[in-house]
1. Answer with yes or no whether Thr94 is over 19 Å from Arg249 (Cα atoms) and within 16 Å of the ligand (Cβ to nearest atom).
2. Return the only residue of Leu233, Leu216 being touching a residue at least 40 places away in the same chain (Cβ under 8 Å), under 18 Å from Pro266 (Cβ atoms) and of a type outside the set (S, T, N, Q).
3. Applying the selection to region 28-40, what residues are modelled with pLDDT under 90 and within 16 Å of Leu90 (Cα to Cα)?
4. Working only within region 130-176, note down all residues that are charged (D, E, K, R) and either in contact with a strand residue (DSSP E or B) (Cβ under 7 Å, 6 or more places away or on another chain) or more than 16 Å from the ligand (Cβ to nearest atom) (or both).
5. Step by step: first the residues of region 98-110, then only those that are out of contact with any strand residue (DSSP E or B) (no Cβ under 7 Å at 6 or more places or on another chain) and crowded, with 16+ Cβ neighbours inside 10 Å, then the one that is modelled with the highest pLDDT. Which residue is that?
6. Mind checking whether some residue in region 116-129 is free of Cβ contacts under 8 Å to residues at least 40 places away in the same chain and more than 16 Å from the ligand (Cβ to nearest atom)?
7. Could you list, in sequence order, the residues of region 69-97 that are of a type in the set (Gly, Ala, Ser) and either crowded, with 20+ Cβ neighbours inside 10 Å or modelled with pLDDT of 85 or more (or both)?
8. Taking the condition of being among the polar types (S, T, N, Q) and more than 18 Å from Glu181 (Cβ to Cβ), how many residues in region 215-247 meet it?
Amino acid sequence: MVAAILSQLPPRLQTLVREIETAAGSEIDVQRKPDLEFGAVANIIWGDERNGYFPNAPKMLVWYRGPGLAEADINYQDPWAVLSHELLHLWRYTVLKVPAVLAIVGIPQEITTESTRTFCSGGIEEIPEHLWIERQLQAWYGYPLRHSILASWDSVPTPPWLVDRANLYRWKLQFEWIKTELLTDDATTKQRAVAVMARVGLLESARTLTSILGLLADSPDQIGAKYGSIFALCMVLRIPLEAVRFLNRGPGSETHVPMPSNFVVPTAAGEVRFSYTPRWDYNTLIGNMNAVLMAEGQAFCLLTGAKIC
Ligand SMILES: [Zn+2]
């Protein structure tokens, strides 16, 4: 980042920039784009990917709408929170080296309009990233979390939904539920969400999903937590794990890495164990996936909540 811009930033963000640039081996390029749809956006271009490897230092971009770098956004009370959000995206990918969903076979990679952004692999990738980033921002700036509002829950239509839209409603509701349960403080919105999810028959799977995502967001192992979060999302959204390919920025910087078939993630409540056997049946939408929470010497199945031993 050029010195004239870096020197404007609060000390915390200057430290963040230095850590990112040291880990990545390249500088962050900051540019103003007055016609940007959002307050700011960060992007990483990972070197030369033609042969499936990323040997070069990445190119990192931060675009902001302006007029100044410290612009407040509708969700953020603190003037530096928007830029902090974008830098934390870069920090997780370069310093923590969390894997990213590169592609999900059969699902579009990116849909740019906000209303449909949910239904693409980029939208799934963003969920665990934002759960971690928004909680970090709350710890730094202390403003209330309000990523879901009552109106979202008051506008849910009563089933049966039109058949060709049923999956989209299920996805949309689970995404809204995650924001409500984990990124919203308002008690009325939370209560309304429980009532609606019970009414449409999704409450049990929704609670399973957010219990595991909440534990993983606070895990000291953010690489394992990222794989686990995508695993849990795929389980609930009925996406075959074999369809998911990750960009792994660890040693070797390999791309197109499949979901690990057996792994353990430490959390405050105990170890969460993930395992699956690649055997997805597209006709019945039944796979062989399981996630088990080991807590206080007991094991609980995260799909059903049942005690295993
Ligand atoms: Zn973001």
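The values are calculated or read from the model by the stated rules, or taken from the named source; none is laboratory data. Quick caveat: nothing in here was measured; it's all calculated off a predicted structure. As a convention, Cβ positions derive from the backbone with ideal geometry for all residues, glycine included, and neighbour counts pool all protein chains shown.
1. For Thr94, the condition - over 19 Å from Arg249 (Cα atoms) and within 16 Å of the ligand (Cβ to nearest atom) - is not met.
2. When all the criteria are applied, what remains is Leu216.
3. Correct list: Ala40 only.
4. Taking region 130-176 and keeping what is charged (D, E, K, R), we get 134-135, 146, 154, 164-165, 170, 172, 176.
Selection gives Arg146, Asp154, Asp164, Arg165, Arg170, Lys172, Glu176.
5. Taking region 98-110 first, the residues out of contact with any strand residue (DSSP E or B) (no Cβ under 7 Å at 6 or more places or on another chain) are 98, 105-108, 110.
Now drop any that are not crowded, with 16+ Cβ neighbours inside 10 Å, which leaves 98, 107.
Values: Val98: 93, Ile107: 81.
In this case the residue turns out to be Val98.
6. Yes, because at least one residue in region 116-129 is free of Cβ contacts under 8 Å to residues at least 40 places away in the same chain and more than 16 Å from the ligand (Cβ to nearest atom).
7. Going residue by residue through region 69-97, those that are of a type in the set (Gly, Ala, Ser) are 70, 72, 81, 84.
Hits for region 69-97 are Ala70, Ala81, Ser84.
8. Within region 215-247, the subset among the polar types (S, T, N, Q) is 219, 222, 229.
Going one step further and asking which of them are more than 18 Å from Glu181 (Cβ to Cβ), we end up with 222.
Residues in region 215-247 being among the polar types (S, T, N, Q) and more than 18 Å from Glu181 (Cβ to Cβ): 1 in total.
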